[in-house]
Amino acid sequence: MEPVIEQEKAVSMPRIGDNAPEFKAITTQGDISFPEDYAGEWVILFSHPADFTPVCTSEFMTFAHLENKFAKANCKLVGLSIDGLYSHIAWLRTIKEKIEFNGMKHIEVKFPLIEDITMEVAKKYGMIQPGESKTQAVRAVFFIDPKGIIRAIIYYPLSLGRNFDEIYRALIAMQTSDKFSVATPADWYPGDDVIISPAGSCGVAEERMTSVEELDCKDWFFCTKNISKEKILKEILKK
Ligand code: BEZ
């Protein structure tokens, strides 16, 4: 058989817009049925290469530190690595007892960490990328919406710790797009101008250019408006 076909068979890659693949798993917070246990909430499902490794430790501490911030945006966190439950428990205990990083210490990881020693979940989600490692998951981040649809995916190699500002920014940007039917331009943060959908007819294009509404049209296809940071955060964040 062609090697390339073998490789395709071994690695399924869910795509943006797909239903999140279903699985049942044992975690450090008990058993979960995914994604049904998270219906109505956003979830960030992320993988890391291995327990007791430094980059992963720095990432887990950062995610745990930010867990409440994500919860306020109606988003739960779920981690995964190809290690067993007892390794996970021992690692999380060590983090809490001994590790200090970036001013964080005594960090308790309260979100579930999936044991995936069989690689069943990692394979379903394309987290094993054999060119990088055949036995360790890459650093994948899946953003799954309240309907269980995959909305964004970011992959990082083993050596590169994730940027958590970007993960949070992407979550808030997608929620803003959903709530206000707008798109968000490069490097957008709440309070910056948002992009309104392109004109779909000549009439609308003309209207856009002559509108008295508070639009800033750089050209007929590129119109922005402002939604204040306060309005966005009031709509999106829990009280
Ligand atoms: C780490 O988390 O430090 C790490 C894990 C696998 C490969 C390289 C670094």
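Using Cβ contacts closer than 10 Å as the measure, can you line up M104, M61 from fewest to most?
Ascending Cβ contact count within 10 Å gives the list M104, M61.
Taking neighbour Cβ counts within 10 Å as the exposure measure, how do F23, F63, F221, F46 sort from fewest upward?
Placing the least packed residue first, the sequence is F221, F23, F63, F46.
Is it possible to state the helix-based mean residue ellipticity at 222 nm for the chain, with each DSSP H run of 4+ residues giving -39500 (n - 2.57), the sum divided by total residues, to the nearest 500 deg cm²/dmol? What is it?
It lands at -10000 deg cm²/dmol.
Under 20 Å Cα-Cα from K238, which aspartates and glutamates qualify once same-chain neighbours fewer than 8 residues away are excluded?
Once the sequence-local aspartates and glutamates are set aside, what remains near K238 is D37, E41, E67, D145, D165, D178, E230.
For F70, F142, F222, what's the fewest-to-most ordering of other Cβ within 10 Å of each Cβ?
Arranged by neighbour count, lowest to highest, F70, F142, F222 become F222, F70, F142.
Go through the cysteines of the chain and tell me which have no other cysteine Cβ under 4.7 Å away.
C56, C75, C202
Give K76/K105; K105/K134; K24/K234; K72/K147; K124/K225 a once-over and call out the pairs whose C-alpha atoms are over 30 Å from each other.
Beyond 30 Å between Cα atoms: K105/K134; K24/K234; K124/K225.
Could you let me know the centre-to-centre spacing of the stretch 188-239 and the stretch 20-82, using Cα atoms, in angstrom?
When both Cα centres are located, 34 Å separates them.
Could you give each residue of the stretch 139-144 its phi-based ³J(HN,Hα) in whole Hz, using Karplus coefficients 6.51, -1.76, 1.60 with θ = phi - 60°, and x for Gly or Pro?
8, 9, 10, 9, 9, 10
Once phi is turned into θ = phi - 60°, what whole-Hz ³J(HN,Hα) does the Karplus curve with 6.51, -1.76 and 1.60 give for every residue of the stretch 62-74, x standing for Gly and Pro?
Coupling constants for the stretch 62-74: 5, 4, 4, 4, 9, 4, 5, 4, 5, 4, 4, 9, 6 Hz.
If packing is taken as the mean number of other Cβ atoms within 10 Å per residue, what is the order of 185-195, 83-93, highest first?
Going from most to least packed, we get 83-93, 185-195.
Taking GluC sites (Glu not before Pro) as candidate sites, keep only those in a DSSP loop with at most 13 other Cβ atoms within 10 Å, then name the longest stretch of the chain containing none of them.
It works out to 109-212.
Could you pull out every one of the lysines with an alpha carbon less than 22 Å from that of K98, ignoring same-chain neighbours closer than 8 positions?
Leaving aside lysines fewer than 8 places away in the same chain, those within reach of K98 are K110.
Put one equal scatterer on each alpha carbon of the chain, apply the Debye formula with no solvent term, and list log10 I(q)/I(0) at q = 0.13, 0.16 1/Å to two decimals.
-0.85, -1.13
Quick check on the stretch 181-236: what are the equivalent-ellipsoid semi-axes from the Cα gyration tensor, as sqrt(5λ), descending, whole Å?
Taking √(5λ) for each eigenvalue gives 23, 11, 9 Å, largest first.
Values in this text are rule-based calculations from the coordinates and carry no lab data. None of these values were measured; they are calculated from a predicted model. Cβ sites come from the backbone with ideal geometry, for glycine too, and all protein chains shown count toward neighbours.
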